[in-house]
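As structure tokens, the structure follows; a few thoughts come after it.
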Amino acid sequence: MARHINIEHERETALQASVAELAAGQPIALPTETVYGLAADATNPAAITRIYETKGRPQFNPLICHMADIAMAERYAVFDPISLKLAKAFWPGPLTLVLPLKAGSDIHSLATAGLDTVGIRVPQGFAGDLIRRFDRPLAAPSANSSGKISPTSAAHVEADLGQKINLILDGGAATVGVESTIVKVEEDGRVRLLRPGGVITEDIERVAGRNLERPKKAAAAIEAPGMLASHYAPGAAVRLHATSVQPDEALIRFGGVAIAGEEMARAVLDLSPSGDLAEAAANLFDYLKAADASGADMIAITAIPTHGLGEAINDRLSRAAAPRG
């Protein structure tokens, strides 16, 4: 059974206990503004292996490495001018930059899945303070079994991984609720969107001074986390763009709009009755878990707008609904 520490009430205890676990090569669950992460020393191959083992994660899927600040990130990766401008604009925050590894970088190849690039993010709040105290980058994918719904609370982590790890840090509900946006600046200056997320693409384009290139089809090569076709999946099947509900389905809707047959649904959950996409993103994974827990074999989800954070929400839902291998 994992030990729980509330970071608001026992911040110093949480920092000391976390450093001790990380130094021993053990993964811990910690809150970030996006989702809860399963964090371990990104320079320690045994610690990284424990992340993969705990999640049941394919080792060809790279891990984001979290840093305390830009100065720390520059110890491990090479920044081009556009990436540096994006880092200064959005860090700390929910943006991951895929950057070339610096020669002699201590980040272990298990964390990068053998690539010569690394995804780097600087998280807000407690996670950044912990990394500064530990003084090593933390590889930290979401703290859930691989491919399943990402956790946005300590209770989610406990229900999934509580028997597999020693320490869960409780920081309350994640404020953003979807993972970071991932972008990569190419040598020719093109900026590619690898995964939509907590920073909306319009804001990135404004700072970068150019449009983001989006993939025209599913990528054959995995360049960053969250690029597997089937991901973020509940146990129940997922049906998108629902306009009616079948008996015994669970319904997730948006904007307070009722649809035909919802009185027969096992559960009716509205991501944001007022149509607020930020609220919808924060509720997404929690509501997928609640719909799954209703016992329904199918979760029907109504259409979600595609602008702003809607792009990230729709990305997660399309992967949750994808055929499972």
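The values are calculated or read from the model by the stated rules, or taken from the named source; none is laboratory data. Nothing here was measured: the structure is a model prediction, and the numbers come from that model. Every residue, glycine among them, receives a Cβ derived from its backbone with ideal geometry; neighbour counts consider all protein chains shown. Please note that ligands, DNA and RNA were not included when accessible areas were found on the heavy atoms of the full protein model with its side chains. Shrake-Rupley method; radii C 1.70, N 1.55, O 1.52, S 1.80 Å.
Computing Cα extents along the principal axes in Å directly from the structure and comparing it against [x] 80, 54, 41; [y] 60, 49, 36; [z] 76, 67, 35 singles out [y]. Anisotropy class assigned to the stretch 12-129 is oblate, per the alpha carbon gyration tensor with a/c at or over the 1.5 cut-off and a/b no larger than b/c.
Reducing the stretch 6-83 and the stretch 139-162 to their Cα centroids gives an inter-centroid distance of 14 Å. Once divided by 2.2 N^0.38 Å, the Cα radius of gyration of the stretch 1-49 becomes 1.15.
Distant-in-sequence amide contacts of Ala113, defined by a placed amide H-H separation under 5 Å and a gap of 5 or more residues or a different chain, comprise Leu63.
Counting protein heavy atoms only, the chain has 51 percent of its accessible area on carbon and sulfur, 1.4 angstrom probe.
Output the peptides 91-101, 179-189, 25-35 sorted from most to least packed, where packing is the average of other Cβ atoms within 10 Å over each peptide's residues.
Ranking, from highest mean packing down: 25-35, 91-101, 179-189.
The phi-based Karplus calculation (6.51 cos²θ - 1.76 cosθ + 1.60; θ = phi - 60°) puts the 3J(HN,Hα) values of the stretch 243-257 at 10, 8, 10, 8, x, 6, 7, 9, 10, 10, 10, 9, x, x, 9 Hz, whole numbers, x for Gly and Pro. With R₀ set to 56 Å, the beta-carbon distance separating Glu8 from Asp188 gives a calculated FRET efficiency near 0.75. Solvent exposure of the chain amounts to 40 Å² per residue of accessible area, where only protein heavy atoms count and the probe is 1.4 Å.
Residues whose amide H comes within less than 5 Å of that of Arg195, counting only those at least five positions distant or on another chain, are Ile182 (H built at 1.01 Å from N in the peptide plane). Here the Karplus curve 6.51 cos²θ - 1.76 cosθ + 1.60, taken at θ = phi - 60°, turns the phi angles of the stretch 168-185 into couplings of 10, 8, 9, x, x, 6, 5, 7, 8, x, 10, 5, 5, 6, 10, 10, 9, 8 Hz, with x standing for Gly and Pro. Separation of the stretch 187-208 from the stretch 267-325 is 23 Å, based on Cα centroids.
Please tell me the relative contact order of the stretch 19-126 in percent, rounded to the nearest whole number, where contacts are Cα pairs under 8 Å and at least six residues apart. Working shown, then result.
Values: 175 pairs, mean separation 33.2, N = 108.
Relative contact order, the stretch 19-126: 31 percent.
Residues whose amide H comes within less than 5 Å of that of Leu167, counting only those at least five positions distant or on another chain, are Arg3, Ala29 (H built at 1.01 Å from N in the peptide plane). What the phi angles of the stretch 109-117 give under the Karplus curve with 6.51, -1.76 and 1.60, with θ = phi - 60°, is a coupling list of 4, 5, 6, 9, 6, x, 6, 8, 10 Hz, glycine and proline written as x.
Per residue of the chain, the DSSP helices (runs of n ≥ 4 H) give a summed -39500 (n - 2.57) that works out to -8500 deg cm²/dmol at 222 nm. Full extension of the segment from Ala24 to Asp135, taken as 0.36 nm per residue of separation minus the current Cα-Cα distance, would add 38.5 nm.
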